[in-house]
Amino acid sequence: MARAVTNRRKLVFTLVAWTLALLIFFPILWTVLTSFKSEADAIASPPKFLFFDWTLENYTTVQERSDYARHFWNSVVISLGSTFLGLLIATPAAWSMAFVPGKRTRDLLMWMLSTKMMPAVGVLVPIYLICRDLGLLDSRTALVVILTLINLPIIVWMLYSYFKEIPGEILEAARMDGASLRSEILYVLAPMAVPGIASTLLLNIILAWNEAFWTLALTAAKAAPLTAFIASYSSPEGLFYAKLSAASTMAIAPILVMGWFSQKQLVRGLTFGAVK
Amino acid sequence: MAGPVSRNSELGRQRVRAAWGFLTPMLLVLALAAGWPLARTIWFSFTDARLSGLDEASWVGVLNYVEYLDYGDGEGEYFGLLADPSWWAAVWNTLRFALISVTLETLFGLIIALVLNASFPGRGLVRAAVLVPWAIPTIVSAKMWAWMMHDQFGILNDMGLALGLIDAPIAWTASPDTAMIAVIIVDVWKTTPFMALLILAGLQLVPSDIYEAARIDGVHPVKVFFRITLPLIRPAIMVAVIFRALDALRVFDLVYVLTPNNDRTRTMSVFAQENLFQFDKFAYGSAASTLLFVVIALMVILTITLGRMDLEGRRS
């Protein structure tokens, strides 16, 4: 009896969860569906759900008009580059703040946030001028550096909170056994920090992949990533919704695939310590 | 927390030295690369710089912020940013947007995180589906929604009409009454997953034996949530809210793409952008950027004070 109630509850809960997911996912589904329609079907009223002439014509048009592979490669280089550079700078810093906390640690964490208080439009010109003077306009290097700067605060904050969760007694024990600072970090700390670092890595690849303001402002042809690729299909005149949908689908496909494969790691990494 | 290392021992000193060595690169990078553009923007805000001649800018003091024009007969008028009604409208739009969207996102994020934290068939798929909107570039989601909210071809109106929720098609993004609602809907849709992800992380850190103990003691689940779960995940929520609020207060691309040139949705960032690059009032736009920075800094201090955030990450 009790079991039947529990089962029914579970069924209702599952249905609610699935409905929620479908509602949230619907706009993406709609975009993907639209990308397979002809332009006439795309603006049909009432809208056509599944019963239309499926066509790949939008994809071939988009592929002919712009070089997807190059944009894709730029996105990969920029998001991976900025994430690794960010981790390289942030990991030691987060280690310091978590394990050798000083009086200023709190102020430091707050001060880092201040870089997230300036509107991007406000510092666009000074940064543009620096890039111009260094000859870095339309280069991936400039974007890697800028995205690193933008995401550095959140990388440090995330790593700091993970490192905080690592029990100090283990490090203490290693010290007692006469481990040097180097082997303490390398053999005791690093293995325990890997899940936290991994989830920070994933999160920041996604953040960098999505960034559109700086990538649009500082790139032209050479270094433009996928966000610029989509923007080039957003002409206000004319109705090119099917093509825009196709371009959008192509731009988000890698993230969809990565999100699917990494959601477990992402959640597990973020919940580092849950296994204890 | 790491064990208290005695700062006087040789080992302790070695650690402190290493700590500073590790911190320095980050501090240098942030100070140089983030501080310099900021300093330049603040400097521009005290000049008469124009986009076409940035090098010829000369110092004008606070005239961009406030200027009193004396008409000579005992009357006068204030000009400048602080006396500009459209600036204050932008401030008000931004605060309203940030307050409503971040509140809704926290609420929905919490609900979604609670759902995703339970186990049910197909959880992996549901998790992936729910988290995806956040992984999509804002300009894409803004475009997608602009299309769905289109007054003639949009599916939102079709569905609303079919379900009897609305009587006539609504021009969601163009009508002054609904523009802000449209922006908030899209922002909530896009950013709730980020909130849910961070709150979910906090939820999974709550040891399950606490729930077990509460269940055995016969505590009502609602009470368990408010007395046990919520206090334990408060630090996670606070971090998520702060990062989210910082982004919401600077919101630019979503508004710019979804509802261009709309007085009801013009945020501080959009106001600054228009003055900097479209109206040829670069110094004025710089002043707006500087004030935006000040407003956000004040909001952060307020949030942290009110939320009594424990930055050390200690859990009570």
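The values are calculated or read from the model by the stated rules, or taken from the named source; none is laboratory data. Note that the coordinates shown come from a computational prediction; the quantities given were computed from them, not determined experimentally. Neighbour counts run over all protein chains shown; Cβ positions are idealised from the backbone, glycine included. Note: accessible area is taken over every heavy atom of the protein model, side chains too, but ligands, DNA and RNA are not part of it. Shrake-Rupley method; radii C 1.70, N 1.55, O 1.52, S 1.80 Å.
Computed over the Cα atoms, what is the radius of gyration of chain B divided by 2.2 N^0.38 Å, N being its residue count? Let's see the in-between values first.
Numbers: Rg = 24.8 Å, N = 316, 2.2 N^0.38 = 19.6 Å.
Expressed relative to 2.2 N^0.38 Å, the Cα Rg reads 1.27.
Give the separation of the Cα centroids, the range A:119-143 to the range A:191-260, in Å.
Value for the Cα centre distance between the two parts: 20 Å.
What distance in nm separates the simple spin-label points at A:F26 and B:L306, each placed 7 Å from Cα in the Cβ direction?
If labels sit at A:F26 and B:L306, their model points lie 3.2 nm apart.
I'd like the distance between the alpha-carbon centres of the range B:48-94 and the range A:51-96, rounded to an integer number of Å.
Result: 42 Å between the Cα centres.
Given only helices, namely DSSP H runs of n ≥ 4 each adding -39500 (n - 2.57), what is the per-residue ellipticity at 222 nm of chain A, to the nearest 500 deg cm²/dmol? Write down the numbers at each step before the final one.
Values: 12 runs with 200 residues, N = 276.
Only helices count here, giving -24000 deg cm²/dmol.
What spacing in nm lies between the two simple spin-label points modelled at A:T141 and A:W73, each 7 Å away from Cα in the Cβ direction?
Distance between label points: 1.9 nm.
Taking the Cα-to-Cβ direction at A:K10 and at B:L230 and moving 7 Å from each Cα, how far apart do the two end points lie in nm?
3.0 nm
So, for the range B:84-279, what is the accessible surface per residue at a probe of 1.4 Å, expressed in square angstrom?
40 Å²
Roughly how many whole Å is it from the C-alpha centroid of the range A:162-190 to that of the range B:100-115?
So the separation of the two Cα centres works out to 37 Å.
Which values, in whole Å and largest first, are the semi-axes of the equivalent ellipsoid of the protein assembly as shown obtained as the square root of 5 times each eigenvalue of the Cα gyration tensor?
Numbers: eigenvalues 288, 246, 122 Å².
Rounded to whole Å, the semi-axes are 38, 35, 25.
Give me the dipole magnitude in Debye, nearest 20, for the protein assembly as shown about the Cα centre, with unit charges on the beta carbon: positive for Lys and Arg, negative for Asp and Glu.
Details: 45 positive and 42 negative charges, 564 e Å.
Using only the charged Cβ atoms, the result is roughly 2700 debye.
May I ask you to give the percent of accessible area on the range B:84-279 that is carbon plus sulfur, with a probe radius of 1.4 Å? Display every interim value, and only then the final one.
On the way: 5170 of 7890 Å².
Carbon and sulfur atoms account for 65 percent of the accessible area of the range B:84-279.
I need the phi-derived Karplus couplings for the range A:16-22: 6.51 cos²θ - 1.76 cosθ + 1.60, θ = phi - 60°, integer Hz, Gly and Pro marked x.
Whole-Hz 3J(HN,Hα) from phi for the range A:16-22: 4, 4, 5, 4, 4, 4, 5.
Run the dipole for the range B:99-220 about the Cα centre, Lys and Arg Cβ at +1, Asp and Glu Cβ at -1, nothing else charged, and hand back the magnitude in debye, nearest 20. Mind dumping the intermediate values first?
Working: 5 positive and 9 negative charges, 73 e Å.
The calculation lands at about 360 debye.
Report the accessible surface area buried between chains A and B, summing both sides, using a 1.4 Å probe on protein heavy atoms only, in Å² rounded to the nearest 100.
Numbers: alone 17100 and 19250 Å², together 27490 Å².
It comes to approximately 8900 Å² buried between A and B.
Quick one: go through the range A:24-42 and flag any residue whose amide nitrogen is under 17 Å from the point 7 Å out along the Cα-to-Cβ line of A:W54.
Zone members listed by number: A:29-39, A:41-42.
Lys and Arg at +1, Asp and Glu at -1: add these up for the other residues within a Cβ distance under 13 Å of A:I185 and post the number. Don't skip to the answer; put the middle values down first.
Values: positive: A:R175, A:R182, B:R15; negative: A:E184.
Once positives and negatives cancel, what remains is +2.
On a 1.4 Å probe surface of the protein chains, which of A:W95, A:W260 comes out largest in accessible area, and what is the full order?
Values: A:W95 10, A:W260 120 Å².
Correct descending sequence by accessible area is A:W260, A:W95.
Return the long-range amide H neighbours of B:T47 (sequence gap of 5 or more, or a different chain), with a cut-off of under 5 Å between placed amide H atoms.
Sorted by chain and number, the residues that satisfy this are B:V60.
Would you tell me the accessible area of A:E211, worked out with a 1.4 angstrom probe on the heavy atoms of the protein chains, in Å² to the nearest 10?
Roughly 40 Å² of A:E211 is accessible to a 1.4 Å probe.
Treat every Asp and Glu Cβ in the range A:4-74 as -1 and every Lys and Arg Cβ as +1, leave all other atoms uncharged, and give the resulting dipole magnitude about the Cα centre to the nearest 20 debye. Before the final figure, lay out the partial values.
Working: 7 positive and 6 negative charges, 134 e Å.
It comes to approximately 640 debye.
How would A:Y160, A:Y241 line up by accessible area, probe 1.4 Å, largest first?
Ranked from most to least accessible, the order is A:Y241, A:Y160.
By what distance, in whole Å, do the Cα atoms of chain A stretch along each of the three principal axes, largest value first?
76, 73, 30 Å, listed from the longest principal axis down.
Could you pull out the pairs from A:K116/A:K222; B:K143/B:K190; A:K48/B:K143; A:K116/A:K243; A:K10/A:K48; A:K37/B:K143 whose alpha carbons sit more than 24 Å apart here?
Among A:K116/A:K222; B:K143/B:K190; A:K48/B:K143; A:K116/A:K243; A:K10/A:K48; A:K37/B:K143, the Cα-Cα distance tops 24 Å for A:K116/A:K222; A:K116/A:K243; A:K10/A:K48.
How large is the convex hull of the C-alpha atoms of the range B:180-278 per residue, in Å³? Could you put the intermediate results ahead of the total?
Numbers: hull volume 10.6 nm³, N = 99.
Value for the range B:180-278: 107 Å³ per residue.
Where only protein heavy atoms count, and the probe is 1.4 Å, what is the accessible area per residue for chain A in Å²?
On the way: 12670 Å² over 276 residues.
Using a 1.4 Å probe on heavy atoms only, each residue of chain A averages 46 Å².
What percent do you get for the relative contact order of chain B when only Cα pairs under 8 Å and 6+ apart count?
Numbers: 340 pairs, mean separation 78.3, N = 316.
Worked out over chain B, it gives 25 percent.
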